[in-house]
Every structure is written in structure tokens, then in C-alpha cells.
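Shown next, in C-alpha cells, is the structure this report addresses.
The values are calculated or read from the model by the stated rules, or taken from the named source; none is laboratory data. Given the structure is predicted, the values throughout are model-derived calculations rather than measurements. Here the Cβ is made from the backbone with ideal geometry for all residues, glycine too, and neighbour counts use every protein chain on show.
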Amino acid sequence: MGLLSEGSPLSWAETKKHVEHVKKSGIRQFLSIYRRRKDRKGDCLKWGDEIEYTLVYFDHETKKARVFLDGSKYLKLLQEDEKRYTDSHPSTWKPEYGGYVIESTPGRPWVFVGDFSQFNEIETSMKSRREEVFQLLEGTRISCLTLTIFPRLGCSDFTEPICQPTPHPEENGASRSLFYPDEAIHQDHPRFKTLTRNIRERRGSKIAINLPIFKDVNTPSPFVERFDDSEANAASLDDHVYLDCMGFGMGCNCLQMTFQAYDIDEAKYLYDQLVPVCPILLALSAETPAYRGYLVDTDCRWDVIAGGCDCRTPEERGLKPLRENKFVIPKSRFGSVDSYLASDKYNDIPIQCEPDVLKELLDEGVDMLLAQHIAHLFIRDTVSLFSEKIYQNLENESDHFENIQSTNWQSMRFKPPPPNSDIGWRVEFRVCDVQVTDFENAAYSVFVILLTRAILSLGLTFYVPISKVDENMDKAQRRDAVQAEEFYFRRQPFSDLETNEGEPEYELMSIDAVINGIDGGFPGLVPLIWRYLDLIDLDTDTHSTIRRYLNLMQKRAAGKVLTGAQWMRKFIRSHPKYKKDSVVSDEINYDLLCAMDKITKGEMKCPELLGDDEENEIGDVTSK
Ligand code: GLU
Ligand code: MG
């Protein structure tokens, strides 16, 4: 989830006193890195994935599944093992926001030096990481699932051990949620509770998210919830599921990928081309159809995390005239990116920046687009500061920069090299809901990596105006967006070809058209990847591994297999105990998670979700 500095966390009242100091120092730290590393060239593609796992406790007698809160117990064991074999260990383990979540990355980044056979090892790496956890869990009732959302998060008894009393929104609570106890937040590292408290305090009120309920035949209409709490009653909307804390968002899980670029310019170019791909992959990775025990009318986690991290004051949200704050800020600090870095032509939404910060960056020779990007990140205050970290070296440390950078949780992240390291300029792709199986997570990762290679090698460009990317991000989260929605996408992706006179640069396309291509129009991202792969001599094994992965993407896009969200919704709605009232009861939740556990372990086939990876229904995609 970002910077994990150790130390004594400061309250919001204390943190507030240092806000300007952190910003000034953070900019100086960025400039120090920039000066030293801006001309660095020749880094090879290295990349890695981050996968977040939920530990689920199965109570088979009562048919209840709960999130297992003491993830730290297993995290410590995993980390101890990792330390023992630092150089050769196949995995790295980190805490995440939920106490029931652990996160893995490969032990070392994948290094791509033209050897495509490593694509055969990615899924194996994901499987072996999960196997490490399974081994520790042997003999327990706990399993390790890659669930974007635990469907009954925030329902009574949803944690193991059960938190009593639940809820407890007392005065000194971090989130003051009616549903999600502070004990569900990771306890061993202070970052997570501090962020929760400080975001709420900076905002000036509790988090309030309202997700439209999925209206089934017996769902009350209007669907109205009343709580024993006046703030909740005022904040909750009819026909919506009300969520009141950061945990409903940051307690969700994702799949992220980071790539190292050749140099700063390549990093900017890749960043830009992947920005319009984010909503497409968000829709294609949808795994989030239920919250707080109800089916909702959306399929992805994205806006819930945005709402859960929304620390903007009423002035910044435009609800009150600006007096103490400087800007009205349209988005939460978790959200889709606001500007491209390599071309200004499609930057069409206002970017708020502090003029002095922008000037300082420009005076030091940072180009306008990067300066604007960094200055825009720095309109956000630090919301997590440790007393030991207030005063830092501005040349050799980067904690203040990272403090602001890593709490701007955007769809893409542009990552400067850390000081005193041999790591280069990187970009991170952050949108995907995590998939149920290692096969799917490998498929999504390989798709994105190969897309970066195709972009660079074929000179592809996907620019559409940023305002259209924002519209696409909204649509991507709607129920069944993969089939039901159309997205603005560029018609002609070759950067060295002009768009024909009179033809629009972009148009509304189905995800099927974006991924698989359309006759006489956009060639399709998968056929473009194959066009790139045709230039390369792939051995048979690697060819068939890649084909399995790209097939999955193609079939999902074409509606031939379901997204996780579609599959989960279907499972819930066809469960014999489902009353057609949108409620995901304990028993339905238990059966759903047992089925997902079996699918994860390969004990249950699920062609509806995964396709049949042996066959190639799509046919010869290279010729499309
Ligand atoms: N769990 C968060 C998500 O689902 C991401 C946290 C992180 O940045 O690692 O997007
Ligand atoms: Mg994470």
C-alpha cells in the first residue's frame, strides 16, 4: 500500500503543523532525485506483480465464513523465512490495510532481456507463493483466497475472532464505523490506523459512500436502511448500500504491476499509453458485486476506495466557500490520473497546482508536464507522519516525497528511482481487481506486460482526452460493463500514421472491439500483441502459454466467459437459499467462498469463469 516507515504516528492535529514542511522537503527530495537521475538511460525492462490475499476462516459447523484477523501471525512466519534466504527467496511478503490481508511480490523482479520463456514461470511463481501460505495454514480452517471483496465485509460476526462489541463507533475510534471494527485494520504497523483516523479527521466527518443496490424482484423498493445513529441516517441514501469507513475500500484487494523503463522518457510514454487502457482492464477484471452482505449494482471496487480515502474538507469538496483551503479539488486522492506526461494535447481537465511549487520545479529544469504532475500531487497534505521522520536528509532520503506520492493512489503511478539504488524510472499499473485464480492473475499480468512491449515496438498510441478516460472509469464499474457499456477508445493506434481527414480520432467502442478488434476499425489490443509477437521467435511452450492467457482476455471481452463479478452474482442469485432480495446471507456467502476456494485449488473446474484453456475458440487471432 506504499511507504511503511516505522515510528510513532502523529495525530492529525500534530501532523497538520508539519504539512508545509513535508511538502517543501518532499519537493526538494524529488528534485534531488531528478537532478541526479534525469539523464540515466539504458535500464532494461524489469517488472513485478503485487497480489493481495484475504485469509478466510471457514466455520463448517455453522456454515459461516469470516475474515481471519490475525494475518500478522502468518505474515511474520513468511517474512522470517524470507529473511533466511534473502538472495534466493521466491517471494516477498508485506502487510496490507486489512488485518486479514497479506501481500506478495516475487522475491526478485522479473528481468526481461528478450527471453520470453520466463512467461512460462509467472503463474508458477504465483502458485508457489500461494503454496507457501497454504503450507502454513495446513490443519487450520483458514484458506488463502484472492478475493477483491469479502461479500459480507461489515456484517455482524464477519471477523474471526468475532469482535465484541461490534460495532463500536466510540469517540476515540479510528474510523468510528458502525460496521467495520478498528480491530479489522492491520494492527502491527501503525500506518493503517493512522491513515484511517487522519483521513477522517482531515475530512471533518466520517466517510460516507452510497453504492446503488442491485434491485432484484423481491428487493424492497425503495430500499431503506435505518441506523441507530443520526449521522448515518443523514448520510445514507435510499436505494443504496451505505458504507462508512476506509476499510470498505482499502480492505479490498487488487493486482498491481510495476515496470522499469529504459529512461524517463520511455516511462512517461508508457504511462500515457496505459492511462486509457486502465478503464478497459478495470471492467475486464471486475470482481466486486457485493458489499456488506448485499448485491450492489456495480462490479468493481474502485470508487469505493476513492470514497474511503476521501480526505477532502467540505471546502475542497466545493460544499463551502474556500477560506482555510486553497483549492476546490474534484477528486479524492484515490482516483484516476488527471494528466498525461508525454503530450499535452489531450490534457483537458483543470489541474490544481500551487504556483510556488510549480515555479520551483520549472526553475530546476523539470519540464512543464512533469512539473505540473508533481505539483498537482503535492496539493494533498500528508495524512500519515511519524515523529521520528519529520526531519530528513533532503539529498539522500525520499520519505517526504514518498509520503505524498504513495498516498496519491492513482490508476497509474509514475515512480522516480529511489535514492541510493540502481533502480530506474518506473510506472505502476494499479487498477485491476484481483482475480480468483493464479491462472487469471498471470493472464492479466502477462497481457499488460506484453502490451507495453507492443506499444514500444510497434509505436502504438492510445491517447484520448483525459475527460473521456474519466468517463470510461465511471462506466467501467457499472454492472456488466464488459458487455453493456461502450468506451471512448482511439480508432487508429499507430503513432506514425495520421488520422484520415474528417475521421474522428476516437470513438465509442465495446470492450470486445478494444480487445479483439473490429473489421475496418481498431485492430484490437490482443491482435496488436500478436503482431508484435510475430516479430519474435517464440518456442512452442512459450507460444502456447501466452496463447492461453491472451485467449482468456479475448473470451472475457467477447462475453464467452464471465468476469468474476458476473460469476459471483450468478452464483448468489441461483443459490437455493437466495430470496431474490439482494441479500447475501451467511450461508450463501459460505457456499460461495467454499466454491471459490475449490476453484483456487483446482479442485473444481469452472469453465464459465476460466474458459477451457486447452481449446482455442477464438481462432487465428493474428489474422484478424
Ligand atoms: N488494496 C488497494 C486496492 O485494492 C491497493 C493498496 C495498494 O496501493 O497496494 O487498490
Ligand atoms: Mg498493496
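A few comments on the model shown:
- All strands (runs of 3 or more DSSP E) inside region 158-272 with 1 or more residues being hydrophobic (A, V, I, L, M, F, W, C) and out of contact with any helix residue (DSSP H, G or I) (no Cβ under 8 Å at 6 or more places or on another chain): 240-243
- Considering region 547-566, and only residues there that are among the small types (Gly, Ala, Ser) and not in a loop (DSSP other than H, G, I, E, B), the residue that is surrounded by the fewest Cβ atoms within 10 Å (Cβ to Cβ) turns out to be Ala558.
- Counted residues, region 207-229 - those being within 24 Å of Ala306 (Cα to Cα) and among the polar types (S, T, N, Q): 1
- In this structure, Val275 does not satisfy being within 21 Å of Thr146 (Cβ to Cβ) and touching a strand residue (DSSP E or B) at 6+ places or on another chain (Cβ under 6 Å).
- Qualifying residue in region 307-322 (condition: within 16 Å of ligand 2 (Cβ to nearest atom), buried (at least 19 other Cβ atoms within 10 Å of the Cβ) and at pLDDT 95 or above): yes
- Candidates His400, His373 - the one that is in contact with a helix residue (DSSP H, G or I) (Cβ under 6 Å, 6 or more places away or on another chain) and assigned to a helix (DSSP H, G or I): His400
- Listed by first and then second residue, the pairs linking a residue in region 39-52 that is in contact (Cβ under 8 Å) with a residue 60 or more places away in the chain and within 13 Å of ligand 1 (Cβ to nearest atom) to a residue that is outside any strand (DSSP E or B) and hydroxyl-bearing (Ser, Thr, Tyr), with Cβ atoms under 7 Å apart and 6 or more places separating them unless they lie on different chains, are Asp49/Ser445; Ile51/Thr146.
- Of all the listed residues (Val133, Val111), the sole one being away from ligand 1 (no atom under 16 Å from the Cβ), surrounded by fewer than 20 Cβ atoms within 10 Å (Cβ to Cβ) and among the β-branched types (Val, Ile, Thr) is Val111.
- Within region 46-62, being within 16 Å of ligand 2 (Cβ to nearest atom), over 30 Å from Thr452 (Cα atoms) and surrounded by fewer than 21 Cβ atoms within 10 Å (Cβ to Cβ) holds for no residue.
- Region 140-154, subset among the aliphatic types (A, V, I, L, M) and farther than 18 Å from Lys601 by Cβ, residue nearest to ligand 1 (Cβ to nearest atom): Ile149
- Residues of region 63-104 satisfying the condition of being among the hydroxyl-bearing types (Ser, Thr, Tyr), more than 14 Å from ligand 2 (Cβ to nearest atom) and in contact with a helix residue (DSSP H, G or I) (Cβ under 8 Å, 6 or more places away or on another chain): Tyr74, Ser91
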